[in-house]
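First up is the structure itself, then whatever we jot down about it.
Just so it is clear, none of the values below were taken in a lab; they were calculated from the coordinates. Predicted model, so just to flag it, every value in this text is computed and none were measured. Heads up, the Cβs are rebuilt from the backbone with ideal geometry, glycines too, and the neighbour counts pull from every protein chain shown.
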Amino acid sequence: MPTSASASAPAPPSASPATARHHSDLLPRLSSPDAQVQVKALRDLKNRIIGNRTKKLSFIKLGLVPAVANILASAADSAADRDSNLLIQSAAVVGSFACGFDAGVRAVLDAGVFPSLVRLLSHPDEKVTLPDPVASASLLSVLTEDVVDSGARSLRMIYQSKLAPKYDFFERKNMEFLLSLLNSENENVTGLGASIIMHSCETVLEQKALCEAGVLKKLISLLEGSLNQRDASLESLATIVKNNVEAVSAFVGSESGRALSSVVALTKDRYPRTRLLATMCLIVIRNTSPCYLQDIGIKTKLVHLLLELHDDPGQVGDEASFALSSLIAEKEDMQKIAFEANAIDKLYNYLKKAALNPKRVEGILLAMADLCSKLESCRSKFFSLKALNLVIDALNHDSSSVRVAACICLKRDFMDEVIIIPLVHLLHDPCTSVQVAGLRAIGNIVVDFSKRRTIFIQCGGAKQLVQLSKSVDSDLRLNALGALRNLVFLADYAHKESIFGELTASLLASLVCDSEPSVQEQALGLLRNLVDGCMDSVEFVFAEEGVLLDAIGRQLQSAFNAEIGIQGMYVLCNVTSGNDFHKEAVMHLLVPQVDNGTQSFLIKFLQSSDSQLRAAVVWTIINLTFPSIPGAFGRLEKLRKAGIVSQLKNMVNDPCLEVKLRVRTALGQFMTFGDGST
């Protein structure tokens with residue numbers, strides 16, 4: 001059996017008294033000993049909840065789901081010939097509760113319906129007996145098919161949700177069960193098998209297990225089946241081959257290439273959904289193994305097809321933009337083809353339409369973002385259409401997913417003062433994912449803020465970034481620090497002083513020592529940018545009795561992450577560009593315990609396999625021992641006693657050119673003090 005995807009939720013609160021009175025007739029009728037009364041109650045309940053989430057939730061609170069689950073379980077165990085209708089109707093009600101509603105899925109799973117529904121898939125209906133053998137056989141076939149169909153439909157509704165149980169494909173009985181579903185002549189049963197694959201297959205090993213068990217071969221054969229079977233096959237195939245080069249190779253080579261040709265042919269199918277699924281399958285194949293589908297004709301066809309599918313008013317049109325985004329993301333050649341197909345104009349015209357489905361707006365914005373990610377021609381067209389105004393409007397959309405997509409779109413070099421205030425407002429958004437997206441957008445655009453820095457700070461942007469850096473959510477802390485890091489990059493001292501005043505040395509020190517390594521790295525990167533520049537900037541490190549310098553020393557002493565070491569060493573490198581006091585403070589961190597024989601962490605860093613870390617250390621040593629600066633000889637002596645100079649001599653032929661050049665610069669400086677010093 002599959003494992004549950006999530007723990008059971010606590011019991012839902014009770015329904016309001018008015019709601020309970022209005023629907024008070026249903027629970028007694030569902031508990032009636034009369035099967036006909038139960039059937040009628042089930043039909044009544046199904047009609048009330050279809051397409052109505054509010055009523056679904058009300059009935060869940062009234063406790064009707066366990067009552068329906070009891071009917072289903074009892075009917076499945078019963079020997080009475082009247083129970084097929086109970087099975088069909090109770091399964092249909094379960095499916096209605098689960099359809100498109102996670103709270104309903106959770107309720108039916110908590111009520112224990114899953115095993116009962118699975119049993120229906122092999123329901124023989126052996127207890128049905130009729131006097132006429134011919135009529136009996138005919139009705140038996142119909143009833144059996146209807147029972148199986150109702151069970152499969154309900155399970156498919158459950159498998160539309162992420163809460164559905166996952167199947168372990170490494171257990172033989174689960175694989176046999178899956179194959180039995182795919183071999184069924186019932187389209188809903190076949191579709192259920194496809195849904196299980198899409199929900200449960202997540203790793204390369206699971207993909208491999210499915211291929212080796214013959215699932216790939218079976219799915220290929222379903223490409224020649226009915227409409228529903230073709231669609232189910234296309235979705236499952238995309239899941240099995242995604243990011244798996246071997247699976248793609250097996251599929252493309254299957255039946256001497258006829259399998260791939262079949263999918264290509266389905267892009268011309270009369271049904272829009274089939275065309276979309278075939279296109280998405282080809283996109284997965286191309287993204288996984290770029291060596292396939294390289295013909296300019298097929299690439300152009302995919303772009304034009306997806307743009308055409310935007311005209312579909314339903315789900316196909318909603319999903320077309322996401323497929324287009326997947327096709328062109330990070331691919332300059334595909335973005336050029338899309339641009340030549342007037343994709344920006346077409347997406348802009350779709351976006352202008354009123355009352356669009358939020359999912360469609362989200363997809364169009366993401367596709368716009370990818371289109372404008374590399375080509376200046378695309379960005380110029382975007383601005384000439386004044387599409388930025390629509391993106392800014394989307395920052396205030398009711399859907400959090402749309403607001404996130406708008407932020408992603410704004411990351412693509414869209415420098416305009418009008419976006420500053422709306423983005424700052426998003427930092428107060430009640431949805432964490434929107435805040436994170438807003439922070440990432442700000443982090444990208446503030447790198448080259450220049451005049452806009454003042455506006456950003458004056459409208460409270462910097463202050464809110466500091467507040468979010470204190471969040472208990474590590475993603476918020478990480479991205480707030482990333483935005484601050486970019487905000488102070490190459491900023492003048494006045495701006496740095498203002499931002500550091502909001503941060504304070506003690507807060508930044510706590511972030512340098514954060515529990516999350518990624519946050520530590522960003523905090524050190526922020527500090528690196530803060531102290532870069534004039535002498536006054538270096539003083540930030542010594543604020544509040546040097547609490548920052550102490551934090552840096554602790555982190556470097558225990559650093560297991562090369563990136564933390566790199567950022568920390570470059571902070572110290574910038575500090576060593578200051579005066580003699582600054583250099584001596586750094587020396588105290590680098591070689592604090594030479595006399596007791598403890599090895600400096602600099603030795604470990606210089607022996608690191610990371611060339612950037614080695615380079616950061618050598619640059620720091622160069623700054624500490626520049627011959628014309630007072631105290632350089634004394635610092636060189638301490639480095640020599642710590643074994644640093646000896647280690648540098650072993651690096652004169654470092655495999656990294658930058659490190660090799662910097663090492664020779666350092667050794668050249670040492671020579672000015674005489675051979676005895678080395």
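Structure above, values below:
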| quantity | calculated |
| --- | --- |
| Efficiency of FRET between residue 657 and residue 185 - r from beta-carbon atoms, R0 60 angstrom, step 0.05 | 0.35 |
| Cα-projected label distance for residue 227 with residue 396, points at 7 Å along beta-carbon direction, nm | 4.3 nm |
| For 333, 149, order by how many other beta-carbon atoms lie within 10 Å, fewest first | 333, 149 |
| Cα-projected label distance for residue 77 with residue 304, points at 7 Å along beta-carbon direction, nm | 6.2 nm |
| Kirkwood estimate for the chain, i.e. one over the average of 1/r between Cα atoms, Å | 30.1 Å |
| Ascending count of other beta-carbon atoms within 10 Å, so fewest first, for 576, 274 | 274, 576 |
| Mean ellipticity per residue at 222 nm, deg cm²/dmol - from DSSP H runs of n ≥ 4 across the chain, formula -39500 (n - 2.57) | -21000 deg cm²/dmol |
| Gain upon complete extension [residue 470, residue 352; 0.36 nm per residue less C-alpha separation] | 38.6 nm |
| Footprinting exposure proxy for 93, 575, 361 (fewest neighbouring C-beta atoms within 10 Å first) | 361, 575, 93 |
| Kirkwood estimate for segment 292-375, i.e. one over the average of 1/r between Cα atoms, Å | 12.6 Å |
| Charged-residue dipole, Cβ positions (Lys, Arg, Asp, Glu), the chain about Cα centre, Debye nearest 20 | 600 debye |
| Violating pairs (Cα-Cα greater than 22 angstrom) within the set 352/381; 583/638; 173/217; 162/218; 604/638; 583/641 | 162/218 |
| Translational D in µm²/s for segment 159-233 (Stokes-Einstein at 25 °C, 0.890 mPa s, Kirkwood Rh from C-alpha pairs) | 199 µm²/s |
| Partner lysines for residue 40 [C-alpha distance under 20 Å; skip if fewer than 8 residues away on the same chain] | 55, 56 |
| Binned Cα-Cα distance frequencies in segment 374-513 - 5 Å width, integer % | 2, 10, 21, 22, 20, 13, 8, 3, 1, 0 |
| Length released on extending from residue 246 to residue 384, taking residue separation times 0.36 nm less the Cα-Cα span | 45.2 nm |
| Distance (nanometres) between label positions extended 7 Å along Cα→Cβ at residue 213 and residue 258 | 2.6 nm |
| Proximal aspartates and glutamates relative to residue 208, as straight alpha-carbon distance under 18 Å, when same-chain residues fewer than 8 apart are discounted | 168, 171, 176, 235, 246 |
| Paramagnetic reach from residue 534 (point 7 Å along Cα→Cβ, amide N under 18 Å) across segment 476-503 | 488-502 |
| Overall Cα dimensions of segment 581-678 - principal axes, largest extent first, Å | 32, 28, 25 |
| Nearby aspartates and glutamates by direct alpha-carbon distance to residue 470 (threshold 17 angstrom, same-chain neighbours under 8 apart not counted) | 429, 502, 514, 516, 521 |
